[in-house]
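Bear in mind that the values in this text are calculations on the coordinates, not laboratory data. What you see is a predicted model, and the numbers here were worked out from it, not measured in a lab. Please note: Cβ atoms are built from the backbone with ideal geometry, for glycine as well, and neighbour counts cover all protein chains shown.
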Amino acid sequence: MTPPVPAIRALGLTKHYGDGEARVSALAGVDVEFMRGRFTAIMGPSGSGKSTLMHVLAGLDTASAGSVLLGETDLTRLGDTELTILRRERIGFVFQAFNLLPVLTARENMLLPMTLAGQRPDPEWLDDVVERLGLRDRLAHLPHELSGGQQQRVAVARALLPRPAVIFADEPTGNLDSHSGEQVLGLLRSSVRETGQTVVMVTHDPVAASYADRVVLLADGLLAGEVHDPTPDSVLAAMRGLGVAAVAR
Ligand SMILES: Nc1ncnc2c1ncn2[C@@H]1O[C@H](COP(=O)(O)OP(=O)(O)OP(=O)(O)O)[C@@H](O)[C@H]1O
Ligand SMILES: [Mg+2]
C-alpha cells in the first residue's frame, strides 16, 4: 500500500459565532488530518462542533482563525469565486436531509453539479456509479417516488460523480431506517475501497462509525481521541470515555 497522504488538513482551526456575551466557541483550535483514500467518522456529543468542523473544512462556512489545506490549497485564503469553484470541483457534500431537487429525476439530480459546471461525466464512470447505486431502473423517477434510502443513495452518487478530493457526509443515515442506512454506508464504504474515494462522515451511531477506517472524537470544539479500525464496541467504549451517556440511539 502507498504511504498515506493527507487529502485535507485543519491547522489550529477556530470558529466562533457571535460576539461579546453571546459569543459561542464552536471550534477551539482543531488540528486534524484526513488521509487520501480513507473513510473517517467524526463522533462526539451534540454541540461538540462536528457539523461546524465539516462545514469549515468543506468551505461552506468561514474559519475565525487557523487554516484548512486541501492538498496545497489553503481554503481560508480564497476569495468567494475561487471557493465556489473549488467546492464545485473538489468537494462533495451529503446532507442528512438528502437535499434533492423535487422537480428533477434521480438521474438529473445526480448530474446536476456537473451540468451546472458545464461538464459531463465520463460515461464509464457514470455507468459504474449507477451500478453501485443499485437504482438503474429508478433513474427516471422523481425524488418523491423513491424511498428515503434510495434518495440518499442518489445524493451519494451526486457527490461521487465529479470524483471530488473529499466527500463530507453529515449524519447521512440520520433519517434512515437501519436497512437503508446500511445500503448508504455500504455505498460510501465501497467507494473508498474500490475507487480510493476519501470520505469524512459525522455520525451518532457506533455501528455506522464501524464502517470507517478511523473514528475521530470531538468534545467542546477540540479533538478528544481517536479509534483505529473501529468496531461498534470499541467506538462505544471511546464515547463512554468522553462521558457521553446513551449514545447508542
Ligand atoms: N450559526 C450558528 N450561530 C451560533 N451558534 C452556532 C451556529 N452553528 C452552531 N453553533 C453553535 O456551535 C456549537 C457547535 O455546533 P455544531 O452544530 O457544530 O455541533 P454538532 O456537534 O454538529 O452537534 P449535533 O450533534 O447536535 O449536530 C454549538 O454550541 C452550537 O450551538
Ligand atoms: Mg451536527
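Close amide-amide hydrogen proximity is noted between L223 and D31, each under 5 Å apart and 5 or more residues distant or on a separate chain (H modeled in the peptide plane; Pro and chain starts excluded). Cα gyration tensor of the range 171-228, axes a ≥ b ≥ c as square roots of the eigenvalues: rounded (a/c below 1.5), prolate (a/b > b/c) or oblate? Cα axes put the range 171-228 in the oblate bin. Take every DSSP beta bridge whose two residues both sit in the chain; close to 60 percent of them are antiparallel.
In a fully extended conformation the segment linking R120 and S234 would gain 36.8 nm over its present Cα-Cα distance, using 0.36 nm per residue. For a test of the definition: using alpha carbon positions, the gyration tensor, and the 1.5 limit on a/c, classify the range 92-210 as rounded, prolate or oblate. Because a/c hits 1.5 or more and a/b fails to exceed b/c, the range 92-210 counts as oblate. When peptides 160-166, 148-154 are sorted by average Cβ neighbour count within 10 Å, with the highest value leading, the order is 148-154, 160-166. For the range 1-77 and the range 81-141, compute the distance between their C-alpha centroids and round to whole Å. That distance is 25 Å.
Highest mean first, how do 207-213, 117-123, 28-34 rank when packing is the count of other Cβ atoms within 10 Å averaged over residues?
207-213, 28-34, 117-123
Taking the average, over residues, of other Cβ atoms within 10 Å as the packing measure, peptides 92-98, 47-53 rank 47-53, 92-98 from highest down. Taking amide H as placed 1.01 Å from N in the peptide plane, the amide H of A26 sits under 5 Å from that of K15, H16, Y17, each at least 5 places away or on another chain. For the options R138, R87, R158, a Gaussian network treatment of the chain with springs between C-alpha atoms closer than 10 Å singles out R138 as fluctuating the most.
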